[in-house]
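Below is one structure, written out as structure tokens; the observations come after it.
The values are calculated or read from the model by the stated rules, or taken from the named source; none is laboratory data. Just so it is clear, the model here is predicted, and its values are computed rather than measured. All Cβ positions, glycine included, derive from the backbone under ideal geometry; neighbour counts span all protein chains shown. Remember, those area values only see protein heavy atoms, side chains included, never the ligands or the DNA or RNA. Shrake-Rupley method; radii C 1.70, N 1.55, O 1.52, S 1.80 Å.
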Amino acid sequence: YQHTYYVDGPITAEDAYFGAAWHSVVVLGLGAGGKGYSALDVTSAAVASDADAQAKVLWEFTSGSVGAANLGYGYSRASVVRLNNNQWAAVVGNGYLSTTEVASLLILDIQTGSVIREIVVPDAAANGLSSPTLIDTNADFKADLAYAGDLNGNVWKFDLSSTSPGSWDATLLFQTDNASGTRQPITTAPVVGLHPDQGYMVYVGTGRLLSSTDALDKTQQAVYGLWDNDWVSGLPINPALLVTQQLRKATHASAGTVRTATAYSPDWTVHRGWKMPAEVVGATSLDQGERVVQDLVLRDKRVQFMLINPTLPTGDNWYIQLNADTGGAPTKIILDVTDDFVLNLADNADGNGDLVVEDVPEDRVVGQYQSFGLASQPVIGKTGALTSAALINHLQAINPADGSDPTDPGLLGGHFDLDTSHDIFPFAGELTFPDGTPVCDGNGLPLGCAAIDTDAHEHQWDDQFDATTIDYFNVLGSPFDVDDSQNGVTNRKTKFLISVGNTALSPGGVLEINGASISVGDYRAVEKRYLAGALLPGEEFPVYQMDPTSPAEAAAGVKRLTSFKLSFDAFAILSGDLMPTQTSCVKGNVAGALGEYRNGALLVQALAVDPNNQTFVYNAATDTYVGSQSSVHATNGHATAGLEWESTVFWHWDGPCYGEPEFDQVFNDCVILQIITCTQEIKSEEAEEKAKDKKKDEDDDDDPWVPDPGDPPPVPVDPDQTISSTAIADDNDTGRLFWTELLPLN
């Protein structure tokens, strides 16, 4: 699916005076729909005829217009203002991906759309100006200054105070910079407020989400508070003169993971502002990639914004509020974390790590998780003398509809269990000793083979570690890494291939082998062609070993295994891309009801391979290759050849085991109708902990799932938008200098 954009840009509605009369004007950009802006006269909303509708179009400013050589895609939000030469204008950034790749401020006559002045900034390479913010510095209802950022991370100050447009110019106020020295793009409008001493504070957030590559970018972004005091020297502001704050993860007693901030204070005799990296201290890959792509809000002496993370399959959203003067912790409790409509100590968390929750700045919560999907800029309205509500629009791809905590870690709508093994026993009747005696006859000979479990079982693996990717070189919670000298492929010169099974039942898995990714289904298809000796032209299916390869081994096509991972989209359970079953059906070494290996759980194996004699057995029932036991210890039936190591992954649900008669009906009810309640285990947390104490991660609830007559009816999935509200403190004026405060003269 390739989306076609049309009129996709922001819309500004404002009053303007021209033609000896007041008019209500709408200015809009095409956004991703094209390079251009247009204006409508909507003083009267009534439309008497087609000609009347056409007459409401004041102008269109597009790539073919006079003065539009630097025009890019119309992402900029227009400011409709009166200028110091007494003309009324629409002021916009030139946008992105112009043919000249420059950044410029376009000042267009509000009546005709003609260019009054274009100010091109000096940084012209691969650039584009974002939305400007205009302010009136002397209360004469005319715009005197404009601030705007660009794709190259510059913050520009435009002086529009002269009555002569030819005297208007641009000054570089600041250049963003992350820890690695990379510029941070600015795609939102700055917000401007008063500095506590004199001059202005200019607040900008960094980050972009304009292309598919942006959605994968984990470059650290930031929010800045910059002091503009008409500096005659020292511009652009040196980043070393900014106080750097830090976001921290903390655990609230009832609300789970929250965010707090450091509380360093700027010394305004030295400092020129502050910086808050958009990344928590000790961030893992799951926390990296957060950015600002919606305008900041300045209210109650706090900079408020949404941090979104599109690098996660589900998206993540954190509502953050920082002290506007310092960029750090607030001067009071600001978030009703407990949802009891009271702002008190119960809303704090241990942010400074002293194991005590007090009413100190670093224990005050500054960030709340909102939802997966995409959350909007907060719209704030007063609800009481000292409180406001931040209204936040959530666009969610899928609603789990399960009543659970929206911060459900790992896969949404349930969890998966992970087994890893190096001691694998054959099925009953599969192998015999040299004298013909069955190694396992299904009745416990010689060591109860039918009851042998997998070596390591981790219950709720994705929930425990809040992860959707398994790194088989470092399996969290398990000692059985594939490269382990005792529990993995023990002989590092052993040649093996990586095999997958039951992929049709769990098509959502993605393998990453030595940095290259492929879906388990596609990988399985290549594997089958390899085993049949029918690889396609240019196709390869490598044989691996753990040690570095010799020249002869490399020439024979052997590769060293250096990276091995299995990942899932966070929606894999909700999408039916991970097959459900019960722990007891997978762990025991007994064929399933349909003869399938490991009850149909998604299977990953390292199979020892002799180029002259593939040593594995094909199970036609489930289209799975199982490592054969070509040499067997007569004393214990342990397979020492063929299968070197394996892992199984399955969605652990309360329904029947795969292949049992009622499986299909329950599975259809759960997955197709999205009755996610049936995926949740019914045991209490206390009972589960006792079971874990008795036998680590064991779950022995084998009863088929039966719906409770008292359960509510299924909730259908609705991809529509929802609106939530968060109670916040508010006992001051906004403090922001809005361009909408440039009111017309009566």
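Odds and ends about this structure:
- Segment 187-199: number of residues that are open to solvent by 60 Å² or more (accessible area, probe 1.4 Å) and assigned to a loop (DSSP other than H, G, I, E, B): 3
- Looking only at segment 516-561, and only at residues there that are open to solvent by 70 Å² or more (accessible area, probe 1.4 Å) and under 27 Å from the mean Cα position of the chain (by Cα), the one that is modelled with the lowest pLDDT: Ser517
- Scanning segment 509-557 for residues that are within 22 Å of Arg492 (Cα to Cα), in contact with a Lys or Arg (Cβ under 6 Å, 6 or more places away or on another chain) and in a loop (DSSP other than H, G, I, E, B) gives Pro542, Met546, Asp547, Pro548, Thr549.
- Qualifying residue in segment 275-288 (condition: within 14 Å of Ala390 (Cβ to Cβ) and of a type in the set (Lys, Arg)): no
- Selected residue (only one of Ser161, Ser211 is among the small types (Gly, Ala, Ser) and closer than 21 Å to Ile107 by Cα): Ser161
- Gln184 being crowded, with 19+ Cβ neighbours inside 10 Å and either among the aliphatic types (A, V, I, L, M) or free of Cβ contacts under 8 Å to residues at least 40 places away in the same chain (or both): yes
Rundown of residues vs (1) open to solvent by 30 Å² or more (accessible area, probe 1.4 Å); (2) within 20 Å of Pro185 (Cα to Cα); (3) in a loop (DSSP other than H, G, I, E, B), yes/no style:
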residue: Lys218; (1), (2), (3): yes, yes, yes
residue: Leu226; (1), (2), (3): no, yes, no
residue: Trp231; (1), (2), (3): yes, no, yes
residue: Trp268; (1), (2), (3): yes, no, yes
residue: Met276; (1), (2), (3): no, yes, no
residue: Gly289; (1), (2), (3): no, yes, yes
residue: Gln294; (1), (2), (3): yes, yes, yes
residue: Leu307; (1), (2), (3): no, yes, no
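- Count of residues meeting criterion [under 15 Å from Met579 (Cα atoms) and either among the small types (Gly, Ala, Ser) or out of contact with any helix residue (DSSP H, G or I) (no Cβ under 9 Å at 6 or more places or on another chain) (or both)] in segment 509-524: 3
Listed here are the residues, each with its yes/no results for (1) within 27 Å of Arg291 (Cβ to Cβ); (2) open to solvent by less than 50 Å² (accessible area, probe 1.4 Å); (3) assigned to a strand (DSSP E or B); (4) at pLDDT below 80.
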residue: Leu355; (1), (2), (3), (4): no, no, no, no
residue: Phe372; (1), (2), (3), (4): yes, yes, no, yes
residue: Ala389; (1), (2), (3), (4): yes, yes, yes, no
residue: Ala397; (1), (2), (3), (4): yes, no, no, yes
residue: Leu418; (1), (2), (3), (4): no, yes, yes, no
residue: Ala428; (1), (2), (3), (4): no, no, no, yes
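- Residue check for Phe141: assigned to a loop (DSSP other than H, G, I, E, B) and of a type outside the set (S, T, N, Q): yes
The rows are residues; the columns are (1) among the hydrophobic types (A, V, I, L, M, F, W, C); (2) open to solvent by less than 30 Å² (accessible area, probe 1.4 Å).
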| position | (1), (2) |
| --- | --- |
| Lys56 | no, no |
| Trp59 | yes, yes |
| Val66 | yes, no |
| Asn70 | no, yes |
| Tyr75 | no, no |
| Val80 | yes, yes |
| Asn86 | no, no |
| Val92 | yes, yes |
| Gly95 | no, yes |
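- Pick from segment 210-228, criterion in contact with a strand residue (DSSP E or B) (Cβ under 7 Å, 6 or more places away or on another chain) and under 23 Å from Asp316 (Cα atoms), ranking: modelled with the lowest pLDDT: Leu210
- Segment 129-138, subset at pLDDT below 95 and outside any strand (DSSP E or B), residue surrounded by the most Cβ atoms within 10 Å (Cβ to Cβ): Asp136
- Filter result for Ala283 (under 16 Å from the mean Cα position of the chain (by Cα) and surrounded by fewer than 17 Cβ atoms within 10 Å (Cβ to Cβ)): no
- Of all residues in segment 320-329, those that are under 18 Å from Ala278 (Cβ atoms) and outside any strand (DSSP E or B) total 5.
- Residue list for segment 463-503, restricted to those being touching a helix residue (DSSP H, G or I) at 6+ places or on another chain (Cβ under 7 Å), surrounded by 15 or more Cβ atoms within 10 Å (Cβ to Cβ) and of a type outside the set (S, T, N, Q): Gly477, Val500, Gly501
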